[in-house]
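Peer 1: After the structure tokens below, expect a handful of questions from me.
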Amino acid sequence: MLPYARHEVDEEDIDAVVRALGAERLTSGPLVEAFERAVAAFTGAAHGAAVSSGTAALHAAYHALGLGPGDEVIVPAITFAATANAALYQGAIPVFADVCPDTLAIAPADAAAKITDRTRAIVAVDYAGQPADWDRLHAIAAGRGVDLIADSCHALGAAWRGRQVGGLAAATVFSFHPVKHVTTGEGGMVVTDDPDIAARVRRFRNHGIDLDAASRESRGVHAYSVVELGYNYRLADLNCALGLAQLGKLAKRLARRRALAALYDARLASLEEVNPLKRDERAEHAFHLYVVRLDARIDRDQVFAAMRARGIGVNVHYQPLHLHPLYRQRLGTRPGLCPEAERAYRSILSLPLFPAMTEADVELVVGTLGDSLAQARSGRVAAA
Ligand SMILES: *Cc1c(COP(=O)(O)O)cnc(C)c1O
């Protein structure tokens, strides 16, 4: 099966982790700081705070920006569950905004329409690796006391009007899960230009303790205070060793993803019922995913099954969040709340995309998609 995503770990990565295993500190050591500095530098942000997952990074970012019980957080309906769940962890209320049908990024007008007196933040997802419309989001947030948070788990290496993702919101969140651009096994990071936000994330990842073990060590003191409720969201030095080695290969792998996406664009032009998502000329796309929308007359699930049966590991990103039982039960959400997201869901397909794919793999995917569409079409005729 050709998967939709696949990580790459080479000898250099393995050597880096083995070296880290022999170091004096296995966690909270110098590799964590080095990885934080390297990711921050790559994105142009002033600070990075590493945590144990992208989900933990969202939770820590929401906490650092002061989201608490009863606060409303606007999130797009098309995203991974963590974007909304991290609000629930804080006792805050996720409010689902619809998406733009052509990019599947949060629709700024719907986000604006959903602002109330209790809205504290808008979280935009740089869906598939293409930045959301940060110009309009800033225009909406400005003057309303609403913070902007970037869930950029798809978009390490992307840019908006020449500015790297990482400097577009008050806090930006990355994931280092193996399907993402850079992996640490599990891991995540909050990057920000605000030193207070970075400090709050670091305290939150360490039980809300004011002085971490390294600071106590260097000051020769044993005492510390738990000043707020935090978690153990630390990322180990082992993971950071892998992340640092991976980061060195990011530029090359981004270029490879972009080249493969361009090849998909060219080959898919001949398939009338297949529409790649729209590219925004203001954005530099990081291509975590290559997502297409199928013509409304095509049964996506039939194409999905036909491709899987032929060894092509297509996927669907994502089911609209507000239709999951958790949010229906807790928040009373229901069909019709975000019609563009619901319509898009019936037509989207993520095609395999990862740097180790070959041109022949792309040809195979496109050929198989053509065959699967023909099969779905004839199935429709047979059913009629
Ligand atoms: C991957 C991802 C997350 C969560 O990251 P984990 O590291 O798996 O916890 C959150 N949001 C989006 C959009 C993601 O793609």
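The values are calculated or read from the model by the stated rules, or taken from the named source; none is laboratory data. Values in this document were obtained by computation on a predicted structure and should not be read as measured data. Cβ: placed from backbone, ideal geometry, glycine included. Neighbour counts: every protein chain shown. For the accessible areas, the whole protein counts, side chains as well, though only heavy atoms, and no ligand, DNA or RNA atoms are used. Shrake-Rupley method; radii C 1.70, N 1.55, O 1.52, S 1.80 Å.
Peer 1: Could you rank Val123, Val9 by how accessible they are, 1.4 Å probe, largest area first?
Peer 2: So the residues, ranked largest to smallest area, are Val9, Val123.
Peer 1: Dipole of the chain, Cα-centred, from +1 at each Lys and Arg C-beta and -1 at each Asp and Glu C-beta, to the nearest 20 debye?
Peer 2: 520
Peer 1: Report, in deg cm²/dmol and to the nearest 500, the calculated mean residue ellipticity at 222 nm for the chain, where each DSSP H run with n ≥ 4 adds -39500 (n - 2.57) and the sum is divided by the residue count.
Peer 2: -12000 deg cm²/dmol
Peer 1: Ok, one more. What does the highest-first list of 232-245, 343-356 look like by mean Cβ count within 10 Å?
Peer 2: Packing order, densest peptide first, comes out as 232-245, 343-356.
Peer 1: Let me ask you something else. Once R0 is set to 30 Å, what does the formula 1/(1 + (r/R0)^6) return for the Cβ-Cβ distance between Ala305 and Arg334, expressed as a FRET efficiency to the nearest 0.05?
Peer 2: So, using R0 = 30 Å, E works out to roughly 0.60.
Peer 1: Still on this structure, I have one more. Could you tell me the distance between the Cα centroids of the stretch 309-326 and the stretch 25-57, to the nearest Å?
Peer 2: 31
Peer 1: How much length would be gained if the chain were fully extended between Ala360 and Ala109, taking 0.36 nm per residue of separation minus their Cα-Cα distance, in nm to one decimal?
Peer 2: Full extension from Ala360 to Ala109 adds 86.2 nm.
Peer 1: With every protein chain kept in place and ligands, DNA and RNA left out, what is the accessible area per residue of the stretch 107-256? Probe 1.4 Å, answer in Å².
Peer 2: Solvent-accessible surface per residue comes out at 40 Å².
Peer 1: Related question: For the Cα atoms of the chain, what angle does the longest principal axis make with the long axis of helix 195-204, in degrees from 0 to 90, nearest 10?
Peer 2: The two axes meet at around 90 degrees.
Peer 1: Of Arg161, Arg6, Arg279, which has the most accessible area with a 1.4 Å probe, and how do the rest follow in descending order?
Peer 2: Correct descending sequence by accessible area is Arg161, Arg6, Arg279.
Peer 1: Per the 1.4 Å probe, what fraction of the accessible area of the chain, in percent, lies on carbon and sulfur atoms?
Peer 2: 52
Peer 1: Still on this structure: Probe radius 1.4 Å, ligands and nucleic acids left out: which of Ser372, Ser378, Ser53, Ser270 has the largest accessible area, and how do the rest follow?
Peer 2: Descending order: Ser270, Ser378, Ser53, Ser372.
Peer 1: Let me ask something else about it. Using 0.36 nm per residue, how much length does the chain from Arg37 to Ala259 gain when fully extended, once their Cα-Cα distance is taken away?
Peer 2: Going from the current span to full extension adds 77.1 nm.
Peer 1: Roughly speaking, what is the centre-to-centre gap between the stretch 122-201 and the stretch 278-298 when only Cα atoms are used, to the nearest Å?
Peer 2: 19
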